[in-house]
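The values are calculated or read from the model by the stated rules, or taken from the named source; none is laboratory data. Computed from a predicted model, the values in this text were never measured in an experiment. Cβ sites come from the backbone with ideal geometry, for glycine too, and all protein chains shown count toward neighbours.
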Amino acid sequence: MIFQFNKALVLEPSRSVTRGLSSQSGPPPSYEIVAQEHADYVRALRECGLTVEVLPALEEFPDSIFIEDPALVWGNTAILLRPGAPTRIGEAGRLEPQLRQRFQRVLKQERGFADGGDMLLTPEGMMIGLSNRTDREGAGVVSELLGEIGIPAKVVNTPAGTLHLKSDCSLVADDLVLCTRSLADSGIFKDFRKVVVPPTEQRAANALRLNNTILVGENFPLTIELLRKEGHDVRPMKVREIGKIDAGLSCMSLRWSTEARRLQ
Ligand code: CIR
């Protein structure tokens, strides 16, 4: 059930995306190439069977293209989060009216900080990674809100130096995680089978399964091969430019199924 999606919301990249937050020292991304990568991403979502709505760009928020971070969505419910980067916290307020138009129930995190990139949904519940963006108070408040919609939550540690929990892992089947070596060794996935990304392809760990297809960065051929050997349908995606501002594939959309009721 957790890989079944029929709807997605994305936000057009703003020209200010060139000033997006980055932990890297290289050149900033080009707006034009980010826009191309984003258009390819929207096409991929549609070809995976999702109805995608594209919201207009928010120029005053350089990272607003990463719409996964200010909200969580499930079935007919949305949870507005409080993103942990000072330049991003206002994104949630801008998203609120859009979510109210589309979801019957909108809950709000009122305290602490939490980014959607730190939330990994599994068939057993939500793993919430503590990181520089998600603090213990925020994780606690989000756990309570998830409890209101019947999703149990478990708070885990994100490896030091990693932006988000999902920068280092993705669930690609009910019992199979794609992750970095440090997360594989951390014990948080002891009940899952694991595909560990090669050391040269750390960023491949942020993949995205949509229905029966897994989107993976095209610059990660070894990981693509490992997943195909597991029998998965993999669609390589261009992510080099958004990678310059620490992003991957899950962060550019909010995805849900209007049919979702219970986790299992
Ligand atoms: C940021 O630092 O917030 C953005 N430059 C990247 C956010 C990526 N989000 C995600 O992986 N969920």
Quick check on my filter: what residues within the stretch 121-142 are touching a helix residue (DSSP H, G or I) at 6+ places or on another chain (Cβ under 6 Å) and within 14 Å of the ligand (Cβ to nearest atom)? Ile128, Gly129, Ser131, Thr134
Leu226 - would you say it is surrounded by fewer than 18 Cβ atoms within 10 Å (Cβ to Cβ), not acidic (Asp, Glu) and not in a loop (DSSP other than H, G, I, E, B)? no
Quick count over the stretch 243-258, residues being farther than 19 Å from Ile79 by Cβ and either surrounded by fewer than 21 Cβ atoms within 10 Å (Cβ to Cβ) or near the ligand (Cβ under 8 Å from one of its atoms) (or both), is 6
Going through the stretch 125-161 one residue at a time, which ones are closer than 13 Å to Ile188 by Cα and surrounded by fewer than 16 Cβ atoms within 10 Å (Cβ to Cβ)? Lys154, Asn157
Of the conditions (1) over 25 Å from Gln4 (Cβ atoms); (2) within 15 Å of the ligand (Cβ to nearest atom), Glu201 satisfies every one except a single condition; which number is it? (2)
Any residue in the stretch 24-38 that is under 14 Å from Ala247 (Cβ atoms) and crowded, with 18+ Cβ neighbours inside 10 Å sitting within a Cβ distance under 6 Å of a residue that is modelled with pLDDT of 95 or more and among the basic types (Lys, Arg)? List the pairs, counting only those 6 or more apart or interchain. Pro29/Lys244; Glu37/Lys238
Given (1) within 16 Å of the ligand (Cβ to nearest atom); (2) over 27 Å from Val54 (Cα atoms); (3) more than 16 Å from the chain's Cα centre (by Cα), index of the condition Leu178 fails: (3)
Search result, residues across the stretch 126-156 that are in a strand (DSSP E or B) and over 18 Å from Ala78 (Cβ atoms): Met127, Gly129, Leu130, Lys154, Val155, Val156
Every pair of residues 6+ apart whose Cβ atoms lie under 7 Å, when the first sits in the stretch 53-76 and is more than 15 Å from Gly20 (Cα to Cα) and part of a loop (DSSP other than H, G, I, E, B) while the second is modelled with pLDDT under 95 and more than 9 Å from the ligand (Cβ to nearest atom): Gly75/Ala260; Gly75/Arg261
Looking at Val172, Val216, Val234, Val196, which is the one that is under 18 Å from Gly116 (Cα atoms), touching a helix residue (DSSP H, G or I) at 6+ places or on another chain (Cβ under 9 Å) and away from the ligand (no atom under 14 Å from the Cβ)? Val172
Tally of residues being in contact (Cβ under 8 Å) with a residue 24 or more places away in the chain and within 19 Å of the chain's Cα centre (by Cα) across the stretch 181-195: 3
